[in-house]
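Peer 1: Sharing a structure below in structure tokens format, with a few things to ask.
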Number of protein chains: 2
Amino acid sequence: MGKQFLEITRKTEVDAIIAQIAAEVARVRVGAGTGAGAGGSAEKVGISDILGRIASSDIFSAIDVPTFDRAIMDGYAVVASDTFYTDETNPISLIIKGYLSAGESPATSQSVEKRYCIGISTGAPIPTGANAVVKVEDTSEYTGDSDHGAIKKVKVYRPVAPGENIMPAASDIKRGEQIVRSGTTFTPRETGILAACGINEVYVRKKPTVAIISTGNELIAPGEVLAPAKIYDVNAQTLCDSVRESGCIPHFAGIARDNIEEISLKLTESLEKGADVIIATGGTSAGVDDLLLRAIEECAGAESKILVHGVDIKPGKPFIFGLLAEKPFFGLPGNPTPALITFSLFVAPLLRTISGTGTGTERRGYNEKRIEAKAAQRIFSERGRNEYVLVNIVPVPVPVKNSVKKQEEASFLAYPILTGSGAITTLSKAEGYIFMEKGKEIIEEGDEVEVELLM
Amino acid sequence: MGKQFLEITRKTEVDAIIAQIAAEVARVRVGAGTGAGAGGSAEKVGISDILGRIASSDIFSAIDVPTFDRAIMDGYAVVASDTFYTDETNPISLIIKGYLSAGESPATSQSVEKRYCIGISTGAPIPTGANAVVKVEDTSEYTGDSDHGAIKKVKVYRPVAPGENIMPAASDIKRGEQIVRSGTTFTPRETGILAACGINEVYVRKKPTVAIISTGNELIAPGEVLAPAKIYDVNAQTLCDSVRESGCIPHFAGIARDNIEEISLKLTESLEKGADVIIATGGTSAGVDDLLLRAIEECAGAESKILVHGVDIKPGKPFIFGLLAEKPFFGLPGNPTPALITFSLFVAPLLRTISGTGTGTERRGYNEKRIEAKAAQRIFSERGRNEYVLVNIVPVPVPVKNSVKKQEEASFLAYPILTGSGAITTLSKAEGYIFMEKGKEIIEEGDEVEVELLM
């Protein structure tokens, strides 16, 4: 009895199918976005707006940084050999020809020859002839006599080697040097390097757009008046926000009633508006006559390809993945909690791949989206299902052995959330989920579990 | 010789001073923002734009969720007692009075009495009289005879208890229930709960604004033509972006030349524009005659209060913290790397406190901004200084013992970055820093170190 799913695909297989499509879409996008000329997948943005965006091409410096030899201490620009063999009791006296502050260009008269020096501030250019800077702490200024009356002099009490306290031109960045690699996510450190090279605009990858369609006769939008038998649409909100967190731009296409024409129309509109990915929620269960599948057939026909219909996990079994006119298409369950879990398991990885998003830490391998915890109580799973059990997490501070300095480290207890998948509040209580593989039906209280955090 | 700092404060003391001011400022802001009426620190925002923002008051539901008893399975709404004692060989036949889909209100004629039932879809309201739903899998529909001709009937093969497969009205959220606590950062899960309650606008905390002033005769803005002896201003960019990452809005006030009037003018303008925090870079070193301090005196005079001038760390010693007309004020070193390190150590904690930012994970105690690594080589520190050594991190995959399922876990090697604090590229190489406390002058190769990640 009851309608059956076309076929159930194993989760690992679903992961592989989606990863392959994601890689292909990402490859095409990145290819289109390469080069400063910017294909369809890149856009030019001022550096004030690139935090968290992704470089669409390699970026090179057009200048040396610094462009001149630069003092890195306050002091005196000298000919180093003048200072050799000096010490506290045998200082050398140099005549001060003038002073140079940061930002000032040395006048032609300010070249330094032996027995002379220029007082110099940190950041000022080294005048011609000088090849070292003596720190102000190692000197004392005084007014001396000369044939032409009183003149400013300085005693130097310590020797400096040639090059000392000077940052040579181009020592930091060389003209033509690659400063940002294509695919880099901009943090304040990268934007700082761009600023240092005088760059105020760069090409970044366009964010992929994701169309979101809610389906269901019972749904109305938040803010509207609640009619009998209706409920507010939750998925539009949670999925739009989850899409944002995955580095993409959501476009909510609206609520479609449970009929093929309306759903098909929304799908067509989304494709026409250039959506890179389409997500529909509801209408995926065999119970509603596979409305979504029939709408896809209606809308895209020969251009559509259903790759997954049904996956061996709970919650989230009635999951659809395919291509709609070459665009990745997801059909998620209508209930908010399974919708968000299948988003997290299947949609987010694809979106992160094609948007190139992912924190720097993920790429480096010290991603900590997963934590170790202990089960706070017995947890049961349905027989013969790969089950994702939502949990909340309570930290239990324990003192760290052999350490007085370290802060207390935390260990965690995971409490299963037992409200059903229809409940909205399940979402707000859940901080992560535990995976119970088919065949694993009980986790005992106190067992070590790995919790995948919902971010 | 050489000018001295007024007094050097210990880092722990600086932390305490800043934490106290931060708590005070946060208290005043949150106080002002409490209540839906919204004081000066709250603003009303549509729920599409609240991801990552912070609730400025508790939020309550105005409705029950669901508002009606709701079927959670496809099947038949029945009087439970009709089904008692049924099994595969002894089904009960019920007359189908009609069908109800999700979103449809039951007609008055659709009440259910004994021996009758209503075909019902997941999400539809339970009709009057029914008190349970039999799953479609446990039934078979057929056409039977009656006095009035052929009628639709269904055989029920399994008993249901009263309430089975029904989600009662208000069981998820009760009218008047608190659904979001003041101070909560909105994730897709919270925005989903708001949607479920039909809420499409909420009050969120205004983001604090942070004025940023660069000082230095040598500085010009990226995008302008580089004149001799000039360098591009890096701090404006890195600090604006770091301010954004700390949940605040940066306002770059521009570059001030090294004179008291110009700096003072920028400070005054920033206060007039209502900046909640002011950051100036450069001009903090005793070497430039404490320009910044004198500008503060000029601008705010009796209304200013310098709480810290100089801290016992390297890099970052010439650090200033105080209050300018009651607004927190930071003076950071002019060199980009020390500027960013002092920002990370002292400014970010204040901004995160007053903006209320911080990831959910931080609040729960499983923040992993710190990782354990091994020193990849010997690391030296200057004698008698608390030193922050910038490092980059290379993951070293090691197989996990006793586990075939788990992915390989990573361990990390930390390499010190040896370019000076004047170098810009130091920034892009650095992924974090190691703290070497005064008295600790050598870390041996292979020693365990704790790396604070630069995010």
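The values are calculated or read from the model by the stated rules, or taken from the named source; none is laboratory data. Owing to the predicted nature of the structure, the values given are computational and were not obtained by experimental measurement. Don't worry about glycine lacking a Cβ; one is built from the backbone with ideal geometry, like all the others, and counts go over all protein chains shown. Only protein heavy atoms, including side chains, enter the accessible area calculation; ligands, DNA and RNA are left aside. Shrake-Rupley method; radii C 1.70, N 1.55, O 1.52, S 1.80 Å.
Peer 1: List the GluC sites (Glu not before Pro) within the stretch A:181-271 that fall in a DSSP loop (any state other than H, G, I, E or B) and whose Cβ has at most 14 other Cβ atoms within 10 Å.
Peer 2: A:Glu224
Peer 1: Given a 1.4 Å probe and every protein chain left where it sits, what share in percent of the accessible area of chain B is carbon and sulfur?
Peer 2: About 50 percent, which is the carbon plus sulfur part of the accessible surface.
Peer 1: Taking a probe of 1.4 Å, how large is the accessible area per residue of chain B, in Å²?
Peer 2: Each residue of chain B exposes 44 Å² on average to a 1.4 Å probe.
Peer 1: OK, next. Round to a whole angstrom and tell me the spacing of the C-alpha centers of the stretch B:164-187 and the stretch A:193-212.
Peer 2: Rounded to whole Å, the Cα centres lie 40 Å apart.
Peer 1: If you don't mind, another one. Return one number: the angle in degrees, 0 to 90 and rounded to the nearest 10, between the long axis of the Cα atoms of helix A:235-245 and the longest principal axis of the Cα atoms of chain A.
Peer 2: With both axes taken from Cα atoms, the answer is about 30 degrees.
Peer 1: What lysines could a cross-link reach from B:Lys206, if we take a straight Cα to Cα line under 17 Å and drop same-chain neighbours fewer than 8 places away?
Peer 2: Candidates past the 8-residue exclusion: B:Lys44, B:Lys273, B:Lys327.
Peer 1: In nm, give the distance between the simple-model label positions of A:Ala23 and A:Tyr85, each being 7 Å from the Cα along the Cα-to-Cβ direction.
Peer 2: Result: 7.0 nm between the two label points.
Peer 1: Of B:Phe319, A:Phe380, which has the most accessible area and how do the rest follow, probe 1.4 Å?
Peer 2: I get A:Phe380, B:Phe319, largest accessible area first.
Peer 1: Still on this structure: Could you report the buried accessible area between A and B, both sides summed, computed with a 1.4 Å probe and given in Å² to the nearest 100?
Peer 2: Counting both chains, the buried surface is close to 6800 Å².
Peer 1: Output the pairs from A:Lys369/B:Lys440; A:Lys114/A:Lys153; B:Lys317/B:Lys440 with a Cα-Cα distance over 22 Å in this structure; if there are none, say none.
Peer 2: Violating the 22 Å limit, Cα to Cα: A:Lys369/B:Lys440.
Peer 1: Let me ask something additional. Binning every alpha carbon pair distance of chain B at 20 Å from zero, what are the percents per bin?
Peer 2: Calculated over all Cα pairs of chain B, the distribution is 20, 35, 23, 16, 6, 0 percent.
Peer 1: A further question on this structure: If Lys and Arg each add +1 and Asp and Glu each add -1, what is the summed charge of the other residues whose beta carbon sits under 12 Å from the beta carbon of B:Ala221?
Peer 2: Around B:Ala221, the charge tally is -1.
Peer 1: Could you work out the relative contact order of chain B, using alpha carbon pairs under 8 angstrom and six or more residues apart, expressed as a whole percent?
Peer 2: It comes to 15 percent, rounded to a whole number.
Peer 1: Which distances, in nm and shortest first, link the A:Arg383 label point to the same label point in every other copy, taking 7 Å along Cα→Cβ?
Peer 2: List, nearest first: 7.6 nm.
Peer 1: On to the next question. Give me the angle, in degrees from 0 to 90, between the Cα long axis of helix B:260-272 and the longest principal axis of the Cα atoms of chain B, rounded to the nearest 10.
Peer 2: Its long axis makes an angle of about 20 degrees.
Peer 1: Treating the angle as unsigned and between 0 and 90°, give the value, to the nearest 10°, between the Cα long axis of helix B:291-300 and the longest Cα principal axis of chain B.
Peer 2: Long axis of B:291-300 versus the principal axis of chain B: about 60 degrees.
Peer 1: If I take R0 = 30 Å and measure r between the Cβ atoms of B:Glu272 and A:Asn200 in this structure, what FRET efficiency does the formula 1/(1 + (r/R0)^6) give, to the nearest 0.05?
Peer 2: Calculated value: 0.65.
Peer 1: At 1.4 Å probe size, put B:Ile341, A:Ile231 in order of accessible surface, largest to smallest.
Peer 2: A:Ile231, B:Ile341
Peer 1: Tell me the label-point distance for the pair A:Lys44, A:Glu382, using the 7 Å Cα-to-Cβ offset, in nm and rounded to one decimal.
Peer 2: Roughly 5.6 nm, to one decimal.
Peer 1: Are there any residues in the stretch B:76-107 with a reduction of at least 30 Å² in accessible surface when going from the isolated chain to the assembly of protein chains? Probe 1.4 Å, please list them by number.
Peer 2: Residues of the stretch B:76-107 that lose at least 30 Å² of accessible area once the other chains are added: B:Ala102, B:Gly103, B:Ser105.
Peer 1: For B:Asp147 paired with A:Ala227, estimate the spin-label separation in nm (one decimal), with each label point 7 Å from Cα along the Cα-to-Cβ line.
Peer 2: Here the modelled spin labels are 3.8 nm apart.
Peer 1: Listed highest first by mean packing, meaning other Cβ atoms within 10 Å per residue, what order do A:142-151, A:175-184, A:127-136 come in?
Peer 2: Packing proxy ranking, top to bottom: A:127-136, A:175-184, A:142-151.
Peer 1: Per-residue ellipticity at 222 nm for the protein assembly as shown, helices alone: DSSP H runs ≥ 4 residues times -39500 (n - 2.57), over residue total, nearest 500 deg cm²/dmol?
Peer 2: That calculation yields -6000 deg cm²/dmol at 222 nm.
Peer 1: Separate question: Beyond 22 Å, how much of the Cα-Cα pair distribution for the stretch A:109-226 remains, as a whole percent?
Peer 2: 64
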